[in-house]
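One structure is given below, encoded as structure tokens.
The values are calculated or read from the model by the stated rules, or taken from the named source; none is laboratory data. Worth saying up front: this structure is predicted, and the values here are computed from it rather than measured. Ideal geometry is used to build each Cβ from the backbone, glycine not excepted, and the neighbour counts take in all protein chains shown. Remember, those area values only see protein heavy atoms, side chains included, never the ligands or the DNA or RNA. Shrake-Rupley method; radii C 1.70, N 1.55, O 1.52, S 1.80 Å.
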Amino acid sequence: MKPPASYRHLIIASLLVASVLIAGTIGYMFIEQLSFVDALYTTVGMMSTVGNVIHPITPLGRIFTIFVIVFGVGSLLYTFGAGMEFMIEGHFSQAVRRHHMDNKIAALRNHAIICGFGRVGSQIAQDLAAARQTFVVLDENEQNIRACLEAGYLALQGDATSDDLLHKAGIQSAQCVLVATDNDAHNISITLSARHLNKQLHIVARANHNETEAKLKLAGADRVLSPYVIGGHRMANLAFQPIVTDFIDKITKADSIDLAVQEVGLSAHSSLVGKTMEEAQDMLPNGIVVVALKKANGMISGPGLQTCIEAGDTAILVGMPGPLAAFKVKHG
């Protein structure tokens, strides 16, 4: 990153003061035949306008002193101004940015909270950003927070197990929490805190060890995922079913422009409610297909033509992103 202008000004000011000190000391040593200490003492006295002189100076020394005073006082004043600029710009701008960030986070509704911005958390953030979903990142590491801000993400630095930080992240109005730190103990603690603060929250947690999965579910996680297990399944699928895996990747990719998958909770006013799957498919726009239907008693994959759609069901559809988004707005 390019350093701020105030920092560059401060460096220039320091170089100017050092240059005058060095030039003045060397000048007095040659012109007035002073020792190094006496020459430095005289230079500092002239720069500060105190006027400390070891002994009466020669006419040439007086002329040299004029330049030392002019450039010395000027460099000191410039240094003072650069120092004030650096302090004001650093603290004031940081306070303004923090206040602006807090206001943005306070205004969030139905957003996601990502706890941890390591390898897993950063990938989650990229996918949510690509899908244009609002989210806020919580992490203790200052470098990770800086990376979030550089990427344009909303972020808060602190311990995600803290109730105060979760409140600040808007957990009461959040849609889900994604617990993605590389520490299982932290993940369990964060899950407990999040579930305690919001009973309706959807929590997806990361498990780094097999024995942690059960503990995370007991702590209140709705879904528990292991990056290592998922990675193993994916490698096996790529080895034996590469085309199927590529198709699934294509429809689940957030920024896919050709084909996408969408889950839509059907509200009571949806025109599909009360219809059979056969009737509903005829009513859907061209290119949209219902591949599954989730009812209160579980998921129905490949529902039969006579399966009746009820209010509250969740339809899993595949189709073009544009028509899918319009369908969700109309029927969700």
- Which percentage, to the nearest 5, of the DSSP beta bridges contained in the chain is antiparallel? 45
- Message: Between helix 119-130 and the chain, what is the angle of the helix's C-alpha long axis to the longest principal axis, kept within 0 to 90° and rounded to the nearest 10?
- Response: 70
- Task: Past 27 Å, Cα to Cα, is the threshold; run K250/K328; K250/K294; K168/K328 against it and keep the listed order.
- Result: K168/K328
- Mind ranking 146-159, 190-203 by how tightly packed they are, going by the mean number of other C-beta atoms within 10 angstrom, highest first? 190-203, 146-159
- Who wins for biggest fluctuation among K168, K217, K295 in a Gaussian network model of the chain, springs between alpha carbons below 10 Å? K295
- Anyone know which of S122, S226, S270 comes out most mobile in the 10 Å Cα GNM of the chain? S270
- When we measure straight from the Cα of K295, which aspartates and glutamates land under 15 angstrom away, once same-chain ones fewer than 8 places off are left out? E263, E310, D313
- Quick one: accessible area per residue over the chain, 1.4 Å probe, rounded to a whole number of Å²? 59
- Query: What's the angle, to the nearest 10 degrees (0 to 90), between helix 142-151's Cα axis and the longest principal axis of the chain?
  - Reply: 70
- Sorting C115, C176 on solvent-accessible surface, 1.4 Å probe, most exposed first, gives C176, C115
